[in-house]
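Peer 1: Let me begin by handing over the structure; questions about it come next.
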Amino acid sequence: METSRAAPLEKVTAKTWDGLSRLAFATDWNPETAIDWSRPIELGAIKEGWINILQYFYEGEWQGLEIIQRLMNKAAHLFDTSEMVTYYSTQCYDESKHLFVFRTYLHKLNAPPARLKAFDLLVFLATTGPMPVERWILATYFTETLAATIFQRSLELDTVDTTGKEMIRLMLKDESRHIAGTRLGVQTLMAHSGPVKTALLKLWWRLFIRLAVREVRKLQRHGDQVGMDSEAILQRTFARMAGMEAFDSQFLSGDFARGFLHDSAA
């Protein structure tokens, strides 16, 4: 009697929800053992600015985790795609790892995380009222791309310590997958949005992104201490988002996206 064999899994790809979940399974890391926490941390003159930047990151990760947990099931039902829940569950796990390593690192610097409430208005704007799933996905495309850009810039700085860079490299592996997931979410959203919904989302996006950019610019005083320029970070972030052509043509076209960064910085 022949024993039936399960069909082999398809090749892993970052272009499907299950593919992203499988990538998460394959690239998992243990926040307690993947980083050498016994190593002393020496930051010198950048310590205050670096701590303040990481405090913002900690709050962003915490609020991101809370929002994903609140909206991932709604997203799966809205788009009739159960695989979204599997993927977003892996992202929740990633965010919990990031919170753990940020908290551990900050405690080693004698600067435990503090509640800043810096992003409360943006979170309210992104998730309260009509179309919360759609607004959350669009907002996340900006925040995940921004986080990856700041992480990459941090790795370029000689002043950031070895433990900090080790921590950031691991988180950046997750962030690259999160950006791929957010791109897939945006593609799904756009495929399910007619002209009226798209027009409303574009109006909302203009308000959200202006407020988000304003918050990023507030960090410049800390960036000056570290060697990180907020305008360069923003330009790189928007350039990366524009790599998604459909999103670029709908949400980053015209005078608003092409000129407001320079205009408002003047």
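Peer 1: Could you look through the stretch 20-38, keep only residues that are open to solvent by 50 Å² or more (accessible area, probe 1.4 Å) and not polar (S, T, N, Q), and pick out the one that is farthest from GLU83 (Cα to Cα)? Break it down stepwise before answering.
Peer 2: If we filter the stretch 20-38 for residues that are open to solvent by 50 Å² or more (accessible area, probe 1.4 Å), which is where we start, we get 22-23, 25-26, 28, 30, 32-33, 36, 38.
Those left that are additionally not polar (S, T, N, Q): 22-23, 25-26, 28, 32, 36.
Numbers: ARG22: 11, LEU23: 14, PHE25: 14, ALA26: 17, ASP28: 19, GLU32: 29, ASP36: 35 Å.
Across the stretch 20-38, the extreme among qualifying residues is ASP36.
Peer 1: Now for a separate question. Identify all residues within the stretch 108-120 that are under 17 Å from the mean Cα position of the chain (by Cα) and either part of a helix (DSSP H, G or I) or at pLDDT 90 or above (or both); write none if there are none.
Peer 2: If we filter the stretch 108-120 for residues that are under 17 Å from the mean Cα position of the chain (by Cα), which is where we start, we get 118-120.
Within the stretch 108-120, ASP120 is the sole residue that qualifies.
Peer 1: Tell me yes or no: at least one residue of the stretch 55-74 is assigned to a helix (DSSP H, G or I), closer than 20 Å to SER154 by Cβ and over 14 Å from the mean Cα position of the chain (by Cα).
Peer 2: Within the stretch 55-74, the subset assigned to a helix (DSSP H, G or I) is 55-74.
Of the ones still in play, those that are also closer than 20 Å to SER154 by Cβ are 55-62, 64.
Still in the list and also over 14 Å from the mean Cα position of the chain (by Cα): 55.
Yes, the stretch 55-74 contains at least one residue that is assigned to a helix (DSSP H, G or I), closer than 20 Å to SER154 by Cβ and over 14 Å from the mean Cα position of the chain (by Cα).
Peer 1: Can you tell me which residues in the stretch 183-198 are open to solvent by less than 50 Å² (accessible area, probe 1.4 Å) and among the small types (Gly, Ala, Ser)?
Peer 2: Scanning the stretch 183-198 gives GLY185, SER193, GLY194.
Peer 1: Quick check on GLY64: is it small (Gly, Ala, Ser), in contact with a helix residue (DSSP H, G or I) (Cβ under 7 Å, 6 or more places away or on another chain) and open to solvent by 20 Å² or more (accessible area, probe 1.4 Å)?
Peer 2: On the way: small (Gly, Ala, Ser): yes; in contact with a helix residue (DSSP H, G or I) (Cβ under 7 Å, 6 or more places away or on another chain): yes; open to solvent by 20 Å² or more (accessible area, probe 1.4 Å): yes.
Yes: the conditions hold for GLY64.
Conditions (1) surrounded by 15 or more Cβ atoms within 10 Å (Cβ to Cβ); (2) at pLDDT 95 or above, marked per residue:
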residue	(1), (2)
LEU122	yes, no
GLY129	no, no
THR159	yes, no
THR163	yes, yes
GLY181	yes, yes
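Peer 1: On to the next question. Under 7 Å between Cβ atoms, which residue pairs at least 6 apart in sequence (or on different chains) link something in the stretch 126-147 that is under 27 Å from ALA232 (Cβ atoms) with a partner that is among the acidic types (Asp, Glu)?
Peer 2: Final answer for the pair search is GLU144/GLU175; ALA147/GLU175.
Peer 1: Turning to a different aspect of this structure: Among the residues of the stretch 59-106, what is the count of those that are within 20 Å of PHE124 (Cα to Cα) and small (Gly, Ala, Ser)?
Peer 2: 3
Peer 1: Quick one: GLY223 ticks every box in (1) surrounded by fewer than 17 Cβ atoms within 10 Å (Cβ to Cβ); (2) touching a helix residue (DSSP H, G or I) at 6+ places or on another chain (Cβ under 7 Å); (3) not hydrophobic (A, V, I, L, M, F, W, C) bar one, so which box is it?
Peer 2: Condition not satisfied by GLY223: (1).
Peer 1: Next question, about the same structure. When the residues of the stretch 77-107 are narrowed to those that are outside any helix (DSSP H, G or I) and of a type outside the set (Phe, Trp, Tyr), which ends up most open to solvent (accessible area, probe 1.4 Å)? So that I can check it myself, show each step before the final result.
Peer 2: Keep residues of the stretch 77-107 that are outside any helix (DSSP H, G or I), which gives 79-82.
Still in the list and also of a type outside the set (Phe, Trp, Tyr): 80-82.
Details: ASP80: 138, THR81: 25, SER82: 84 Å².
Among those residues, the one meeting the criterion is ASP80.
The values are calculated or read from the model by the stated rules, or taken from the named source; none is laboratory data. In this text, all values refer to a predicted model and were calculated from it rather than measured experimentally. All Cβ positions, glycine included, derive from the backbone under ideal geometry; neighbour counts span all protein chains shown. These area figures cover heavy atoms from the full protein model, side chains too; ligands, DNA and RNA do not enter into them. Shrake-Rupley method; radii C 1.70, N 1.55, O 1.52, S 1.80 Å.
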